[in-house]
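Q: Could you have a look at this structure, given as structure tokens, before my questions?
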Amino acid sequence: MPPLARFALRRVLRGVVTIWFAVTVTFLMLRLLPGDPALAVANPNMTRETRQALLHQYGLDQSLAVQYGKYLWQLLHGNLGVSFSQSVPVTTALMDRLPWTLLLTLSALVVTIVIGVPLGVLAASRRGFWDRAVQLSGVVGQSLFVPSIGIFLLYLLGLKLRWFPIGGAYTENTYGIAWYGSVLRHLVLPCLSLVLVQLGSYVLTLRSTLIDALGEDYCTLARANGLGERKVLWKHALRNALLPTTTLVGLQLGFVVGGAVLTETIYAYPGIGRGIYEAVTQLDFPVLQGAFVLLSATVIVANLLTDLAYGLLDPRVRTA
Amino acid sequence: MTSLIESTAGTADAADVADRPAAAKATWDAFRRNPLGILAMVLLALLIVVALVAPLLASYPRGHGTAILRPPSAAHWFGTDNLGRDVFAEVVYGTRSSMLVAAGATALAIVIGVTVAVCSAYFRWVDGVMGVLVDLFLSLPVLPLMILVAALVGPSLQTIVLVLAFFSWPEVSRVVRSQALAVVRLPYVDAARLATGSPLWIIRKHLLPAVAPVIAVSVVLTASRAVLSAAGLAFLGLGDPNSWSWGRILFEAQQSGAMQEAWWTTLFPSLAILALVVAATLLSIAYNDARDPRTRKD
């Protein structure tokens with residue numbers, strides 16, 4: 001087998017194992033933690049008879065191993081149970097929400113890269129004032145609490161200046177171009193909140209890897225060949241420094257998802273995160289469990305894609 | 001023979017002890033020259049003092065007041081919330097419980113994480129199992145997982161501490177393990193292996209002191225991340241409903257809609273969170289820079 005194929009296969013296998021782990025952890029938590037297992041499938045305000053009937057209906061009176069087997073089997077068929085607060089299958093409820101979360105996180109990622117790369121380059125190439133300023137704001141940015149920055153932007157740009165809408169994802173009763181326009185305007189504030197909290201770590205990582213790269217032999221050689229510093233920076237050093245930053249994108253995804261949950265809660269953005277918040281207030285455990293499984297799967301698949309891209313770009317990774 | 005080994009081990013220890021204050025002094029000297037590091041330390045000390053003497057600064061915010069949603073004034077430094085409670089008192093008591101939760105969760109996470117890390121570094125077979133487990137944990141979105149558990153068990157101070165600790169130790173373990181692995185390969189650990197049959201002794205006497213600086217940084221960073229996660233859970237309504245925390249102030253401001261008109265209900269708890277986390281991050285950076293002879297410039 002060619003090394004690239006072997007690398008891809010190994011990586012896909014690891015992704016599958018990780019998804020299995022996420023699924024198993026949720027199963028064990030819902031069954032073994034203190035708390036009523038019937039709550040995991042039904043409304044907390046139920047009678048004793050309903051509870052018994054439910055336990056039987058969902059097979060919760062069977063042995064743990066049997067339950068586990070059934071659970072995995074249902075998951076393989078995309079069955080995550082039924083949301084009791086909305087009386088619809090969890091899968092349907094969440095799949096309606098997933099595109100909004102993807103739109104939010106992906107747009108935040110693109111904006112972060114578009115702003116973050118020039119900032120990182122600036123900090124790495126102009127040591128001194130700009131470097132210190134970027135570093136310090138990077139540290140502050142990393143330390144921001146998502147709801148704090150979300151509420152601040154909502155208050156300032158939404159309520160006081162009235163530049164952008166403060167909640168939801170689109171304006172009702174708009175169609176065609178107007179609808180896309182409203183989606184875009186509703187996206188600005190939540191997206192900006194996410195960008196501000198994740199920008200710091202990207203810039204700091206890019207800065208330090210760039211500084212390392214600029215000291216490497218190939219950069220010295222490029223300079224010795226008479227290449228201008230600007231070209232060395234953008235054409236040679238940046239290309240290599242972007243690779244570790246790509247890994248960071250993957251590693252950060254778990255945190256970004258957490259940030260998205262909080263951001264969507266503030267802006268009543270109809271994604272998975274807002275769904276989690278609503279499920280928490282109604283103790284809708286099937287939805288909470290489904291949301292975690294779905295978000296984990298999304299993060300794991302995204303990580304897998306980043307790693308495969310990395311393997312394509314950098315032959316050294318394939319053999320490692 | 002035994003006595004010879006013991007005596008050389010003794011002198012090695014003595015040299016080590018003589019060296020350690022010198023290294024610590026160099027680190028401290030370098031640290032003192034970093035204004036940001038000092039500022040961070042003062043800020044952290046201030047927050048700890050506020051947490052300790054909270055009852056002296058304000059009376060516990062409870063019940064209803066008559067002055068509803070008043071902006072900051074001499075009587076209410078940080079204004080009042082939608083039930084007329086003093087926001088300053090809420091933030092002060094919030095400092096107490098936020099720090100308590102962070103300290104508890106960090107202590108637990110560090111004990112578990114460091115134990116797993118040094119055992120993984122020292123015993124290869126442990127590494128096989130725990131390494132995979134840590135990797136798996138680190139690739140899951142943590143906040144949704146914490147939400148699930150906290151909602152299931154029911155929000156209380158203990159639940160929050162346990163949940164935070166349980167999902168923070170893998171990160172501690174990852175950082176400490178990589179440092180411990182480098183130490184285990186050093187010749188003096190091999191020498192110690194020859195001198196004694198007790199892995200526990202080597203881990204305690206050689207491995208732990210060598211990774212202590214990484215642990216120190218890890219403590220600070222884990223605590224600041226715990227503060228953020230605890231606030232995040234509280235903001236979603238999964239905090240302890242019986243004690244004030246920074247996250248709960250924000251949660252109530254959002255729930256009641258107070259955040260839309262009364263900026264003071266959200267600004268001050270937000271600043272408190274920011275101050276704590278920035279101070280912790282700057283402190284760890286300054287400490288790392290001071291410890292590293294390459295960045296120390298002495």
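Q: Please report, in cubic angstrom per residue, the volume enclosed by the convex hull of the alpha-carbon atoms of the protein assembly as shown.
A: It is 226 Å³ per residue.
Q: Still on this structure: I want the local charge near B:Ala258. Using Cβ-Cβ distances under 10 Å, sum +1 for each Lys or Arg and -1 for each Asp or Glu among the other residues.
A: Net local charge, B:Ala258 excluded: -3.
Q: Taking the beta-carbon count within 10 Å as an exposure proxy, list B:Phe268, A:Phe145 from fewest neighbours to most.
A: B:Phe268, A:Phe145
Q: Which whole-angstrom value gives the distance between the alpha carbon centres of region B:14-88 and region A:175-215?
A: 32 Å
Q: Further, regarding this structure: So what's the convex hull volume per residue for the Cα atoms of region A:78-193, in Å³?
A: 173 Å³
Q: Could I ask something else about it? Once Lys and Arg get +1 and Asp and Glu get -1 on their Cβ, which of B:Leu274, A:Gly228, B:Leu145 lies farthest toward the positive end of the dipole of the protein assembly as shown?
A: Going by the Cα projections, it comes out as A:Gly228.
Q: Hey, another quick one. Restricting to DSSP H runs of at least four residues, report the calculated mean residue ellipticity at 222 nm for chain A, -39500 (n - 2.57) per run over all residues, nearest 500 deg cm²/dmol.
A: -24500 deg cm²/dmol
Q: Separate question: Taking other Cβ within 10 Å of each residue's Cβ, how do B:Tyr93, A:Tyr277 sort, fewest first? Write out the running numbers ahead of the final one.
A: Working: B:Tyr93 25, A:Tyr277 21.
The fewest-first ordering by Cβ neighbours comes to A:Tyr277, B:Tyr93.
Q: Based solely on its DSSP helices, what 222 nm [θ] is calculated for chain B when runs of n ≥ 4 H residues each add -39,500 (n - 2.57) and the sum is averaged over all residues, nearest 500 deg cm²/dmol?
A: Taking each H run of at least 4 residues, the total per residue is -25500 deg cm²/dmol.
Q: Return A:His236, A:His56 ranked ascending by Cβ neighbour count within 10 Å, so the fewest neighbours appear first.
A: A:His56, A:His236
Q: Take chain A, drop everything but the C-alpha atoms, weight them equally and run the Debye formula without solvent; then report log10 I(q)/I(0) at 0.07, 0.11, 0.16 Å⁻¹ to two decimals.
A: For the requested q values the scattering log ratios are -0.38, -0.86, -1.31.
Q: Distance from the Cα centre of region B:186-241 to that of region B:113-128, in angstrom?
A: 12 Å
Q: Return the Rg/Rh value of region B:2-296, two decimal places, where both radii are evaluated on C-alpha atoms and Rh is the Kirkwood radius.
A: The Rg/Rh ratio comes out at 1.07.
Q: Please give the net charge around A:Gly200, taking every other residue with its beta carbon less than 15 angstrom from that of A:Gly200, where Lys and Arg add +1 and Asp and Glu add -1.
A: So the surrounding residues net to +2.
Q: If a helix is a whole DSSP H run, which ones in chain A reach 30 Å or further along their own axis (Cα) and hold a mean Kyte-Doolittle hydropathy of at least 1.0?
A: A:3-32, A:90-125, A:177-214, A:238-267, A:285-313
Q: May I pose another question? Quick one: Cα convex hull volume of region A:193-320, Å³ per residue?
A: Numbers: hull volume 15.4 nm³, N = 128.
Convex hull of Cα atoms, per residue: 120 Å³.
Read-outs throughout are calculated quantities, based only on the coordinates presented, and are distinct from any laboratory measurement. Note that the structure is a prediction, hence the values are computed from the model and not measured. Cβ sites come from the backbone with ideal geometry, for glycine too, and all protein chains shown count toward neighbours.
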